[in-house]
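Following: one structure in structure tokens, then a few remarks.
The values are calculated or read from the model by the stated rules, or taken from the named source; none is laboratory data. Being a predicted model, the structure only gives us computed values, none of them experimental. Please note: Cβ atoms are built from the backbone with ideal geometry, for glycine as well, and neighbour counts cover all protein chains shown.
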């Protein structure tokens, strides 16, 4: 059986933990060669040691050599550009790396604002530019998925810079889809509700706060990593070949309010 991403090379940022790490595993298990970026060397080392279940071959657990790791902070644009230039053709890109800092409007500092915007918005824009240039030169198209958030549409207390960065990512996704579409490059975003990754726990581990947030979700639960990864894989695949410029809520109905 043909594999969804056989012969494809994917680059995933924020690959050391949470959604990014799970995305790397899903793409490898679907036949892709993956370049995993993280700023934490220990996370990349443990990722390389993890067994992968190759669903497209005979069932066999083993270390997969098709994961290449790069220890890079995505806000270091020259370093990221160097990774892209040395990677060979990249067919799939997942802009997943993100940061937040819980600060009110009155307490947000310029440094905190700049850091969040640099990682959450500026880095994905320019990484997409670097990768898209190669896609355009080759003429074979490609797919980009940006990991955004329902916070792009819903105001959250103590999330001024984070909400702003994700709103910017949604619009960047649409402009990229508009300009890159003629080159057969699809650009979409996934917009999860709370996912209890390490970053999610930092913001939502308080039971009173999380309970109040969950009451706004018709399905009555936060998202699991797999919920988001499944959406990412779908948007990267040919099964979504007519989707571009989409901001796909993975929110259990949160945005119906």
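Before moving on, here are some points about what is shown:
- Filter result for residue 135 (modelled with pLDDT of 95 or more, closer than 22 Å to residue 233 by Cα and either surrounded by fewer than 17 Cβ atoms within 10 Å (Cβ to Cβ) or out of contact with any helix residue (DSSP H, G or I) (no Cβ under 9 Å at 6 or more places or on another chain) (or both)): no
- Reported count of residues in the range 136-149, each being touching a strand residue (DSSP E or B) at 6+ places or on another chain (Cβ under 6 Å) and not in a strand (DSSP E or B), is 3.
- Residues in the range 34-43 that are crowded, with 23+ Cβ neighbours inside 10 Å and without any contact (Cβ under 8 Å) to a residue 60 or more places away in the chain: 34, 35, 36, 38.
- Residue under evaluation residue 129, criteria (1) surrounded by fewer than 16 Cβ atoms within 10 Å (Cβ to Cβ); (2) in a loop (DSSP other than H, G, I, E, B), criterion not met: (2)
- The number of residues in the range 69-101 that are buried (at least 16 other Cβ atoms within 10 Å of the Cβ) and either at pLDDT below 95 or part of a loop (DSSP other than H, G, I, E, B) (or both) comes to 13.
- Entry remark, the range 26-41: residues being touching a strand residue (DSSP E or B) at 6+ places or on another chain (Cβ under 8 Å) and assigned to a loop (DSSP other than H, G, I, E, B) number 3 in total.
- Residue identified as at pLDDT below 95 and within 28 Å of residue 126 (Cα to Cα) among 169, 199, 242: 199
Rundown of residues vs (1) within 16 Å of the chain's Cα centre (by Cα); (2) part of a loop (DSSP other than H, G, I, E, B); (3) free of Cβ contacts under 8 Å to residues at least 24 places away in the same chain, yes/no style:
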residue: 111; (1), (2), (3): no, no, yes
residue: 117; (1), (2), (3): yes, no, no
residue: 124; (1), (2), (3): yes, no, no
residue: 134; (1), (2), (3): no, no, no
residue: 151; (1), (2), (3): yes, no, yes
residue: 157; (1), (2), (3): no, yes, no
residue: 176; (1), (2), (3): yes, no, no
residue: 188; (1), (2), (3): yes, no, no
residue: 191; (1), (2), (3): yes, no, no
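- Matching residues, the range 6-31, being farther than 23 Å from residue 98 by Cα and either modelled with pLDDT under 95 or loosely packed, with under 15 Cβ neighbours inside 10 Å (or both): 6, 7, 29, 30, 31
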